[in-house]
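S.K.: Sharing a structure with you now.
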Ligand SMILES: Cc1cc2nc3c(=O)[nH]c(=O)nc-3n(C[C@H](O)[C@H](O)[C@H](O)COP(=O)(O)OP(=O)(O)OC[C@H]3O[C@@H](n4cnc5c(N)ncnc54)[C@H](O)[C@@H]3O)c2cc1C
Ligand code: FES
Ligand code: FES
């Protein structure tokens, strides 16, 4: 790890005042230290926001769910109100990474973590994302079994944030604060696809801090679920994960949001799958039809065709789980 | 703690063609910045990049140690304080061998900066036993032969002991969940589960006996 100056901040203002000259914010530190140990980022200064009390805490009330960006994944997973009314979010937080990581990792850091791609994360490889000279995405011609199967033409990285999947399906909003003031960005606008920028993965600008995440109150009849699939059952990075939010009238689906993690370089909604379910009775056949619609436009690479299959299973089973017609899948990552 | 030889390459990529000299200059200018702002509000909080004297609370003792901000808790425990019970295997958060408790919560010492735990209570595997008397979970690991090479064992014990503290009546699924991040390449899992469930059973019996005696005496 490179040498750096460390500033422990107690207030948002203090942190904003320190965020210049290449300084990087540290929350739980899990992703940041990982990148620093491999020399992928070499900040001269770390601004520690971990102890800013105004960025901690969860409140769930009539006006929705307010999550401090320092809420840990463990806190989100264990919150009774989130388990009850924002089930997919509790499940996503509770099934990300390992128990120890969940105790340390924060929500802000989880949605801001850098993408997964072993070429990006290895200092041995030059690539466009690192401002490198090489014009190719190494994943296109190299080892790509874990890479994106959709929107992967420019860069085939995947964003692994488990919590971003339900947050996108629940129309969450992210509050950003800088010295210039505050702005709110919808989760649907939060991630920047590689076609727009290879360097910025999110709309968060230098000098901006995530100071809150807000999830609106679910409509009456809302049910949600999230499941994640990987190579192991105990803990693993996702190979396919699905977040499903349904507004139900008995078995009739009035509205549907289906979000896929690690299918594309950013978490994406599948409007094709949503269209199949909207206005229909949810049963095995409609769930399967939604799953295949979601994968219609997939463009898998040489080694990751299996993800197309895995996503169909994930979507099909998670739609039925959300609808209350199937038990949680024991082969999903628990 | 020398810089890894690989960093030169990626730094070059990251800093748009600037060499190591430029990277060093950035660090020095940040250092100068920290010095300049010394009198400003709260700037006394800016420390490093050189060694900083800190006090760490570990296993009920206070240790005074000089650390650079980039030292992880695992490195500080092992290399600076000689507390080598905490093992480092992956050094990337993926195996949980380095599990310690930070304020009683299991956390990864390899992904924690030592400077970040000033003021927190750290418990390592050395802090579980009392002198030569093993912690119940350690004793149960011996009884059930729950280790082979032993590399994952300190982390495994820390996870299981924390589970029993927060849930005195765990089911098999709870134990599996508690160690779901602790990788054991020797495959000792069934014995780890048995040892942990055994301690829960022993504690229930002791609690039962205590209740019985108290009831009789009352
Ligand atoms: C073994 C393992 C398995 C994993 N599996 C999963 C998984 O299945 N699903 C999943 O989602 N994740 C997984 N992860 C990743 C892990 O969840 C993330 O690294 C973690 O959530 C990052 O949060 P943090 O608080 O530690 O962030 P940090 O490392 O502190 O920060 C990450 C980034 O976010 C920025 N940042 C943090 N907070 C803010 C803020 N408030 N405002 C602006 N910027 C901010 C930082 O500057 C940094 O660039 C896994 C990690 C490991 C080690
Ligand atoms: S050594 Fe810390 S998690 Fe592997
Ligand atoms: S006993 Fe060898 S790794 Fe667990």
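Every read-out reported here was derived from the displayed coordinates using simple, explicitly stated rules and does not represent laboratory data. Since the structure is predicted, the reported quantities are computational estimates derived from the model, not experimental observations. Counting neighbours? That spans all protein chains shown, and the Cβs are built from the backbone with ideal geometry, glycine included.
S.K.: May I ask you to derive the relative contact order of the stretch A:82-178, considering only C-alpha pairs under 8 Å and at least 6 residues apart, and to give it as an integer percent?
M.R.: Relative contact order here is 30 percent.
S.K.: Another one. Rounded to a whole number, what is D in µm²/s for the stretch A:201-296 from Stokes-Einstein with the Kirkwood radius over alpha-carbon pairs (25 °C, 0.890 mPa s)? Don't jump to the answer; show the numbers that get you there.
M.R.: Details: Rh = 15.2 Å.
It diffuses with D of about 161 µm²/s by this estimate.
S.K.: Could you check the spin-label model distance between residue B:202 and residue B:118? Points 7 Å from the Cα along Cα→Cβ, value in nm.
M.R.: 4.0 nm
S.K.: Taking just the alpha carbons, could you work out the radius of gyration and Dmax for the stretch B:62-218, both in angstroms?
M.R.: 16.9, 59
S.K.: Using alpha carbons only, how many angstrom separate the centre of the stretch B:149-218 from the centre of the stretch A:51-96?
M.R.: 28 Å
S.K.: Take peptide B:96-107, look around each residue's Cβ out to 10 angstrom, count Cβ atoms belonging to other protein chains, and average those counts.
M.R.: 3
S.K.: Taking the square root of 5 times each eigenvalue of the Cα gyration tensor, what semi-axes in Å does the equivalent ellipsoid of the protein assembly as shown have, largest first?
M.R.: 36, 34, 23
S.K.: Moving on. Using helices alone, what [θ] at 222 nm do you get for chain A, with -39,500 (n - 2.57) per DSSP H run of 4 or more residues, divided over all residues and rounded to the nearest 500?
M.R.: Working: 13 runs with 98 residues, N = 334.
Rounded to the nearest 500, the figure is -7500 deg cm²/dmol.
S.K.: For the stretch B:48-125, what are the per-bin percents of Cα-Cα distances with bins 10 Å wide, up to the bin holding the maximum?
M.R.: With a bin width of 10 Å, the distribution comes to 21, 59, 20, 0.
S.K.: Let me ask another. Report D for the stretch B:128-218 in µm² per second (integer): Stokes-Einstein, Kirkwood Rh on Cα pairs, 37 °C, 0.692 mPa s. It would help to have the intermediate numbers written out before the result.
M.R.: Values: Rh = 13.8 Å.
D = 238 µm²/s.
S.K.: On to the next question. So how far apart, in nm, are the two label points at residue B:79 and residue A:269 if each is 7 Å from Cα heading toward Cβ?
M.R.: For the pair residue B:79/residue A:269, the computed spacing is 4.9 nm.
S.K.: If I model a spin label as a point 7 Å beyond the Cα along the Cα-Cβ vector, how far apart are those points for residue B:166 and residue B:185 in nm?
M.R.: That separation, rounded to one decimal, is 2.9 nm.
S.K.: Something else: Based on the Cβ-Cβ distance of residue B:63 and residue B:130, what FRET efficiency does E = 1/(1 + (r/R0)^6) give at R0 = 22 Å, to the nearest 0.05?
M.R.: On the way: r = 19 Å, r/R0 = 0.87.
So the FRET efficiency works out to roughly 0.70.
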